[in-house]
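Student: Next up is a structure, given as structure tokens.
Bear in mind these aren't lab numbers, they're just calculated from the coordinates by the rules spelled out. Computed from a predicted model, the values in this text were never measured in an experiment. Positions of Cβ are generated from backbone atoms using ideal geometry, with glycine treated the same way; all protein chains shown enter the neighbour counts.
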Amino acid sequence: MLKENGDLVNRTLITTITLLILLAITVLAHENTPSKHIADYDIAFISESKAYVNQNTPFTVQIQNLDGNTLTNLEVQGQIVDEQTRKEIFYAKATEKKPGEYTFSWKPSFAGKYLVQFLFRQNNEAIQPQFPIQVNDIRSTYAWIITISGAIIVLLIGLFMSLPKKKRKFHASPLLVGIVAAVVLLGIGYSVSYFYQAGGEKGFVICGKQGCDLSVHWHSDLHFNLCDTDFSLPLEAGDLNKQHTHKERNKLHFHALIKTNEAGTELLEPEKLRLGELFDHLGIRFTDTCFGDYCNKDLCNEKTGQLTMTVNDLSNNKFADYIWKDGDEIKIGFG
């Protein structure tokens with residue numbers, strides 16, 4: 001009897017390990033996105049079709065004409081589009097690393113399905129190839145590993161408690177309890193995993209008599225170079241229900257409710273994300289000509305200075321009136 005019980009436990013462990021290996025293979029498996037033929041161009045997406053939350057990921061296309069000749073010196077803009085809402089959520093200038101290959105980088109904040117879009121013009125025609133990608137959240141995988149491990153443990157405990165001991169016959173109740181507990185754990189694991197993998201942290205819509213609100217947790221990075229002098233925002237500054245900072249240097253935070261349409265695709269209070277809002281609160285002058293004590297035509301290193309701003313390496317002249325998006329990298333300079 002003990003031998004049979006030992007064989008049962010061994011078979012259970014072997015089956016469990018096999019399932020975990022299959023799960024790992026599924027998580028790690030990926031496919032590359034094929035090329036696209038648009039008009040007279042052959043556009044190949046030569047990056048992986050997956051990315052991970054909080055990891056800076058480069059996306060590259062190779063652009064050729066139908067004769068196989070690469071197209072160089074193009075002005076190409078990279079964009080990230082939410083697959084569900086079809087809204088642009090990020091854009092950046094794509095740089096030509098190699099002849100005919102254009103690259104931009106994106107650091108996803110939330111998991112989900114997105115479209116990588118490249119925009120360029122040839123012969124007065126706008127070319128916009130799109131490639132689907134999946135952004136994964138490693139916390140989703142951790143949630144499954146932890147809950148599957150927990151389910152295995154409670155099953156084994158239930159099985160062990162059910163085995164006959166001396167004068168006691170086989171007792172199924174502990175095993176049944178173990179099965180129920182394992183199912184509950186797997187249900188919790190699935191819910192947590194799905195929440196992260198679906199990008200649940202990007203925000204959800206709450207509707208009532210007064211309209212709909214979008215609950216969000218967004219961030220933007222700021223960089224300053226003022227006449228070769230760095231500038232830092234104060235830490236732990238601002239209203240927690242508005243734009244504010246925490247312990248990270250020059251990182252804008254916004255985690256609050258903001259009015260939106262029912263689908264959550266259009267902000268009805270964009271002024272809450274106006275870049276100058278926090279500077280107004282801090283009493284720092286920020287206009288289209290001045291930042292603090294630095295104003296256009298002032299001298300910088302014995303030369304006339306000019307205030308500049310870029311968003312994701314693209315020039316932006318909205319300055320304080322710019323409505324920032326999650327993941328923006330904003331550079332303010334004077335020189």
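Student: Report, to two decimal places, the Cα Rg of the stretch 204-334 normalised by 2.2 N^0.38 Å (N = number of residues).
Tutor: On the way: Rg = 16.2 Å, N = 131, 2.2 N^0.38 = 14.0 Å.
Cα-based Rg divided by the globular estimate yields 1.16.
Student: Something else: For the stretch 103-167, what does the alpha-carbon gyration tensor say about shape, rounded, prolate or oblate, given a ≥ b ≥ c as the root eigenvalues, a/c under 1.5 as rounded, and a/b over b/c as prolate?
Tutor: Taking the square roots of the gyration eigenvalues as a ≥ b ≥ c, the stretch 103-167 is prolate.
Student: In Å and on Cα atoms, what radius of gyration and Dmax does the stretch 265-329 show?
Tutor: Looking at the stretch 265-329, its Cα Rg and Dmax stand at 13.6, 48 Å.
Student: Using Cβ counts within 10 Å as a stand-in for footprinting exposure, how do Asp67, Asp228, Asp82 rank, fewest first? Walk me through the numbers before you get to the answer.
Tutor: On the way: Asp67 7, Asp228 10, Asp82 18.
Neighbour counts put them in this order, fewest first: Asp67, Asp228, Asp82.
Student: Using a Förster radius of 51 Å, what is the FRET efficiency between Ile38 and Ile157 based on their Cβ-Cβ separation? Nearest 0.05, please. Kindly include the intermediate steps, with their values, before the conclusion.
Tutor: Working: r = 59 Å, r/R0 = 1.15.
Between Ile38 and Ile157 the formula returns 0.30.
Student: Then there's this: Using Cβ contacts closer than 10 Å as the measure, can you line up Ile63, Ile179 from fewest to most?
Tutor: Ile179, Ile63
Student: Rg to Rh ratio, the stretch 194-244, alpha-carbon atoms and Kirkwood radius?
Tutor: 1.16
Student: Related question: Take Tyr196, Tyr52 and order them by how many other Cβ atoms sit within 10 Å, fewest up front.
Tutor: Numbers: Tyr196 20, Tyr52 15.
By the 10 Å Cβ count, ascending: Tyr52, Tyr196.
Student: Residue by residue through the stretch 212-229, what is 3J(HN,Hα) from phi via Karplus (6.51 cos²θ - 1.76 cosθ + 1.60, θ = phi - 60°)? Round to whole Hz and write x for glycine and proline.
Tutor: Values, residue by residue: 10, 10, 9, 8, 10, 9, 10, 9, 8, 9, 10, 10, 10, 9, 9, 6, 6, 10 Hz.
Student: A further question follows. Name the residues whose placed amide hydrogens come within less than 5 Å of the amide hydrogen of Lys259, ignoring near sequence neighbours (fewer than 5 apart) on the same chain.
Tutor: Correct list: Leu214, Leu268, Glu269.
Student: What whole number of Å gives the distance from the Cα centroid of the stretch 92-159 to the Cα centroid of the stretch 309-335?
Tutor: So the separation of the two Cα centres works out to 24 Å.
Student: Assuming 0.692 mPa s and 37 °C, estimate D for the stretch 36-136 with Stokes-Einstein, Rh taken as the Kirkwood radius over Cα pairs, in µm²/s.
Tutor: Numbers: Rh = 13.7 Å.
Diffusion coefficient, whole number: 239 µm²/s.
Student: Which whole-Hz couplings ³J(HN,Hα) result when phi for each residue of the stretch 266-273 is put into the Karplus expression 6.51 cos²θ - 1.76 cosθ + 1.60, θ = phi - 60°, listed in order with x for Gly and Pro?
Tutor: Working through the residues one at a time gives 9, 7, 9, 10, x, 4, 5, 10 Hz.
Student: Quick one: which residues, 5+ away or cross-chain, put their amide H under 5 Å from the amide H of Cys300? H built at 1.01 Å from N.
Tutor: Gly305
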